[in-house]
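None of the figures in this text is laboratory data; all of them are computed from the coordinates on show. Everything numeric in this text was worked out from a predicted model, so none of it was measured. Cβ placement follows ideal geometry from the backbone for every residue including glycine, while neighbour counts extend to all protein chains displayed.
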Amino acid sequence: MNSVEEKLWNYIDGSCTPEDEKAISLLIEGDEVYRNKYNQLLKLNNEFSVMELDEPSMAFTYNVMAAIGQEHARQPLKAAINTRIIKGIGLFFVVTISVILIFALYKVNWSAGAGVVQVPSQLLPDFKNLLSGPVMKVFLFFDVVLALYLFDTYLRKKGNARAMGSVQTSGQQKEQ
Amino acid sequence: MQSKLSDIELIEQTLAGDQSAYADLVKRHQRFVFTLAMRFAKTREDAEEIAQDCFIKAYRSLDSFQRQSKFTTWLYSIVYTTAMTALRKKRVDTDSIDDENTYIQIENQSSGYDVNNAENKSRSFYLNQAIAQLLPDDAAIITLFYKGEQSLEEIGQALGIEANTVKVKLFRARQRLKERLERNLKHEVNELI
């Protein structure tokens, strides 16, 4: 390794110690060989600094954004759903069941006799009223609305994915 | 027209769901990322594929960017890793780029071109040609140092090596580039340096 060149490069880059910097600047001033070498490397350094960057195709940004958009459209349901929502729903059910269980155990008449557990009647829902005509109609109506909503969402997603596909194809054609 | 917002502001907007902010980031850095990819890929098509892949990878993991370093340093580390992976994949099918025969082929190509046309071509052309003849690591370090606005420490972060190692590699890369220029331009080199 050429130590003179290495020292001069460090001097040009400003990566040498203050003592070295002082010593090298004295050498450049006093020694012609050093001065010539320094001037040569400085010129080379200036050439390197003005090197031009390559230019990608005109459609580069467009292609990147189309690929990102397509990735979004293809995103699986598992990744699209916020996991905090799932955890929240899970937590709600766990808390509800725990509260009902604790309340039921608290209300049980333990003195009624071994082997017989009497669940308090106010905890059990009135199934006769639940299955009556109007309640059932409301339930079915809600189901139909929900089904229509989910079907609409599915069709929209399918349409978006198709649109993104055609955008990508036209982008590639444009590039060609 | 490109946005005047900083990289960090554009990242925040992107994370908030504004995809046009990311498009601005891509526009801002695409030339350098593409140039860096060219140092590894050699053909424009492959380089563009690598560069595109890098921006998609960066978008996917944008929320994991810690902001302890410059965005460009983080982005260039993705470029380096992606380009190296692409280069390794290529090596499986073709000859190694470090292979002596490949190197001699490139050398012969370079020595065969007409130096009489030197006056008609720009300095930048010769410089880029000489850089293209370097090994990818050397070419990448020179590009990062001179055009990437990266310090030795930041280049070290991007390449996963120590700053002192970068310093030594940069010195050697510059030596090799100088030799290449001297070999390619012969007597004309005095005009350049």
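Here the calculated FRET efficiency for A:Asn36 and B:Leu62, from their Cβ-Cβ distance with R0 = 35 Å, stands at 0.10, rounded to the nearest 0.05.
Magnitude of the charge dipole for segment B:7-93, about its Cα centre and with charges confined to Cβ atoms of Lys, Arg (+1) and Asp, Glu (-1), is about 500 debye.
Considering every residue in A:57-70, what mean count of other chain Cβ atoms within 10 Å of its Cβ is obtained? Walk me through the intermediate numbers first.
Numbers: counts 5, 0, 1, 10, 10, 2, 7, 14, 8, 0, 5, 9, 1, 0.
Taking all residues of A:57-70 together, the mean is 5.
The Cβ shell under 11 Å around A:Glu52 holds other residues with a net charge of +1, Lys and Arg each +1, Asp and Glu each -1.
Fewest to most neighbouring Cβ within 10 Å: what's the order for A:Ser49, A:Ser15? It would help to have the intermediate numbers written out before the result.
Values: A:Ser49 10, A:Ser15 15.
Ascending number of Cβ neighbours within 10 Å: A:Ser49, A:Ser15.
Ranked by how many other Cβ atoms sit within 10 Å of their own Cβ, fewest first, the residues A:Ile86, B:Ile50 fall in the order A:Ile86, B:Ile50.
Which links in B:Lys4/B:Lys57; B:Lys27/B:Lys57; A:Lys87/A:Lys157; B:Lys70/B:Lys178; B:Lys4/B:Lys89 stretch past 27 Å when you go from one Cα to the other? Mind showing how you got there, number by number?
Values: B:Lys4/B:Lys57 24 Å; B:Lys27/B:Lys57 16 Å; A:Lys87/A:Lys157 25 Å; B:Lys70/B:Lys178 30 Å; B:Lys4/B:Lys89 38 Å.
Flagged as over cut-off: B:Lys70/B:Lys178; B:Lys4/B:Lys89.
Per-residue mean of foreign Cβ neighbours for B:26-35 is 4 (Cβ atoms of other chains, 10 Å radius). Each of A:Asp13, A:Asp20 was scored by other Cβ atoms within 10 Å of its Cβ. Listed from fewest to most, they are A:Asp20, A:Asp13.
So what's Rg/Rh here for segment B:7-93, counting alpha carbon atoms and using the Kirkwood radius for Rh?
Numbers: Rg = 13.2 Å, Rh = 13.3 Å.
Ratio value, two decimals: 1.00.
Each peptide among A:55-63, B:36-44, A:133-141, B:55-63 gets the average number of other Cβ atoms lying within 10 Å of its residues, and from highest to lowest they stand as B:36-44, A:55-63, B:55-63, A:133-141. Averaged over the residues of peptide A:42-48, the number of Cβ atoms from other protein chains lying within 10 Å of each residue's Cβ is 5.
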